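Working notes for the structure below.
The values are calculated or read from the model by the stated rules, or taken from the named source; none is laboratory data. If you're wondering where the values come from, they're calculated on a predicted model, not measured in any experiment. So basically every Cβ, Gly included, is an ideal-geometry build from the backbone, and we count neighbours across all protein chains shown. The area values use the complete protein model at the heavy-atom level, side chains included, leaving out ligands, DNA and RNA. Shrake-Rupley method; radii C 1.70, N 1.55, O 1.52, S 1.80 Å.
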Amino acid sequence: MRFARDGRKSGALMLAAAILGLVLANLPMSAGIYRFLSEYRPPIALPGLTMSVGDWARDGLLAIFFLVVGLDLKCELTTGSLSRARDAMVPVLAAIGGVATPALLYLAVNAGSPQTLRGWTVPTATDIAFSVAVLAMAGGAGALRLRPFLTTLAVADDVIGILLIAVVYAHSGSVWALLGLAVCLAVWFGLVRCRRVIWIVAVPIALLAWHAALLAGIHPTIAGVALGLLVPGRPVRGEVRARTERWSNFIGPFSSLLVLPIFAFFAMGVSLQGMGIGSLVGPVFLGVFLGLVVGKPVGVSIVVGICRLCGLATSSDQDSQAAAPSRLERLGVAQLCGIGFTVAFLMADLAFADPVHAGIAKTAVLAGSVVAALIGSAELIIARRSCNHQSATA
């Protein structure tokens, strides 16, 4: 499990799975097998569950990842970085800027293409696991003081992403299913506060909540977030650690080692056959790519700059001036916010009914994330070497 808790290794596993899916979907000898596997529909005789294997990876397995997101978010809201309003203010505002700017940039690039405007949410997502992992590799000792800001910003970004999925991509469904979802969540709320959780009851209730969300027209991953948020964020019944923390530590490795690689494998199984060079300079690709590589860091940097002018300090600035991050380090962290994988892939699927447009958007996410990671890493490494040089000559 130590491997799963290492963000660099688990992130590399997900990236490898995404690249493998992309390769297998385009090799002549494997494309047919891959397509059959991803489009196969298991015979499940329940309403709304006649989904392909690829759909199950996106709408089913990914709900487990979002359950972990909900658990972690509850921890942050209760005792973590989002529990202290003053510490959270700047990164939360920066997250808003980091969502609004790439969305506006995407809309500007796609202004002449009304059929692709729905993709404006795709470049708004920041992948917390990848961005923190790259920071750890490139930031050196400075990563310790930069991590709280990046983590809080990415968590706030996740909250905004969850709201966008719930609002933008909801569709009309059964009112009775919505009522059933509310009942399931209420029962879950009581079950997770018992002295001993009766898992033989709790697990079916969680599955019913997921199914009810699907039938109600709400993306089922939202049910995972809701279930996580309803778990107690502080120790109860004389426990030493909060259940959110313990359950996240238990489910998290399963999510990192199995759920996310499988999702990435099917999500990136995009056929490049229908894409020419024109696709790489088309509005969808440019909108997503520029949104991640340019829009994200610009939006974050502008908001942080305004906050500093207004006298609002980030959590890393509240230490001594000597320990405060340099301008280049701030730029590097802002650039890392352009790394978007999991939620961005999901939004690409939700935004575009046309598989060609969805494939172009996912390819842009992959390309933009890699470029953002390289630029951010270069800025952090240069900043670290400059700091070391100054220390050596002092």
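Would you tally the residues in segment 231-270 being assigned to a helix (DSSP H, G or I), open to solvent by 40 Å² or more (accessible area, probe 1.4 Å) and not hydrophobic (A, V, I, L, M, F, W, C)?
The number of residues fulfilling the criteria is 3.
Kindly indicate whether A213 is farther than 22 Å from R246 by Cα, in contact (Cβ under 8 Å) with a residue 12 or more places away in the chain, surrounded by 18 or more Cβ atoms within 10 Å (Cβ to Cβ) and of a type in the set (G, A, S).
Working: farther than 22 Å from R246 by Cα: yes; in contact (Cβ under 8 Å) with a residue 12 or more places away in the chain: yes; surrounded by 18 or more Cβ atoms within 10 Å (Cβ to Cβ): yes; of a type in the set (G, A, S): yes.
In short, yes.
Is there any pair linking a residue in segment 175-198 that is open to solvent by 90 Å² or more (accessible area, probe 1.4 Å) to one that is not in a helix (DSSP H, G or I), with Cβ under 6 Å and at least six apart or on different chains, and which?
Short answer, once both residue conditions are applied: F189/L230; R195/R237.
Residues of segment 252-289 being free of Cβ contacts under 8 Å to residues at least 24 places away in the same chain and among the β-branched types (V, I, T), which ones?
I277, V281
Tell me, please, whether a residue that is touching a Lys or Arg at 6+ places or on another chain (Cβ under 8 Å) and polar (S, T, N, Q) can be found in segment 220-236.
no
Quick one: would you say S38 is surrounded by fewer than 23 Cβ atoms within 10 Å (Cβ to Cβ) and farther than 25 Å from Q335 by Cα? So that I can check it myself, show each step before the final result.
Details: surrounded by fewer than 23 Cβ atoms within 10 Å (Cβ to Cβ): yes; farther than 25 Å from Q335 by Cα: yes.
Yes.
So the check is Cβ under 6 Å with 6+ separation or different chains; which pairs have a first residue in segment 290-314 that's modelled with pLDDT under 90 and a second one that's open to solvent by less than 30 Å² (accessible area, probe 1.4 Å)?
Every condition considered, the pairs that remain are C307/V90; L312/V90; T314/V90; T314/F149.
Sort through M51, M137 and tell me the only one that's in a helix (DSSP H, G or I) and either farther than 17 Å from V365 by Cα or not aliphatic (A, V, I, L, M) (or both). Break it down stepwise before answering.
Details: M51 fails: in a helix (DSSP H, G or I).
Going through M51, M137 in turn, just one is in a helix (DSSP H, G or I) and either farther than 17 Å from V365 by Cα or not aliphatic (A, V, I, L, M) (or both): M137.
Here's a check for you: in segment 41-75, which residue that is open to solvent by 20 Å² or more (accessible area, probe 1.4 Å) and acidic (D, E) is farthest from the chain's Cα centre (by Cα)?
Out of the qualifying residues, it is D55.
Tell me which residues, restricted to segment 315-346, are farther than 28 Å from R58 by Cα, small (G, A, S) and modelled with pLDDT of 80 or more. Please lay out each step first, then the result.
Residues of segment 315-346 farther than 28 Å from R58 by Cα: 315-334.
Imposing the further condition that a residue be small (G, A, S) reduces the set to 315-316, 320, 322-324, 326, 332, 334.
Those that are farther than 28 Å from R58 by Cα, small (G, A, S) and modelled with pLDDT of 80 or more: G332, A334.
Among the listed residues A100, A111, which satisfies the condition of being modelled with pLDDT of 85 or more, open to solvent by 10 Å² or more (accessible area, probe 1.4 Å) and outside any helix (DSSP H, G or I)?
A111
Being over 21 Å from F265 (Cβ atoms) and either of a type outside the set (F, W, Y) or out of contact with any His (no Cβ under 8 Å at 6 or more places or on another chain) (or both) narrows it down to one of V92, V68, V23, so name that one. Can you show your working first?
Values: V68 fails: over 21 Å from F265 (Cβ atoms); V23 fails: over 21 Å from F265 (Cβ atoms).
Of V92, V68, V23, the one residue that is over 21 Å from F265 (Cβ atoms) and either of a type outside the set (F, W, Y) or out of contact with any His (no Cβ under 8 Å at 6 or more places or on another chain) (or both) is V92.
What is the residue count in segment 57-111 for residues that are more than 30 Å from L286 (Cβ to Cβ), touching a residue at least 12 places away in the same chain (Cβ under 8 Å) and among the basic types (K, R)?
Result for segment 57-111: 1.
Check off (1) out of contact with any Lys or Arg (no Cβ under 8 Å at 6 or more places or on another chain); (2) farther than 30 Å from A206 by Cβ for A25 and give me the number that stays unchecked.
(1)
A quick yes/no check of all residues on (1) touching a strand residue (DSSP E or B) at 6+ places or on another chain (Cβ under 9 Å); (2) within 30 Å of A85 (Cα to Cα); (3) assigned to a helix (DSSP H, G or I):
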site: I160; (1), (2), (3): no, yes, yes
site: L178; (1), (2), (3): no, no, yes
site: R196; (1), (2), (3): no, no, no
site: P204; (1), (2), (3): no, no, yes
site: A209; (1), (2), (3): no, no, yes
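If a residue has to be out of contact with any helix residue (DSSP H, G or I) (no Cβ under 9 Å at 6 or more places or on another chain) and crowded, with 18+ Cβ neighbours inside 10 Å to count, how many in segment 143-174 make the cut?
Qualifying residue count for the region: 0.
Considering only segment 15-30, how many residues are open to solvent by less than 60 Å² (accessible area, probe 1.4 Å) and either of a type in the set (D, E) or modelled with pLDDT of 85 or more (or both)? Steps first, answer last, please.
Looking only at segment 15-30, we keep the residues that are open to solvent by less than 60 Å² (accessible area, probe 1.4 Å), and these are 15-18, 21-22, 24-26, 30.
Then keep just the ones that are either of a type in the set (D, E) or modelled with pLDDT of 85 or more (or both); that gives 16-18, 21-22, 24-26, 30.
Of the residues in segment 15-30, 9 are open to solvent by less than 60 Å² (accessible area, probe 1.4 Å) and either of a type in the set (D, E) or modelled with pLDDT of 85 or more (or both).
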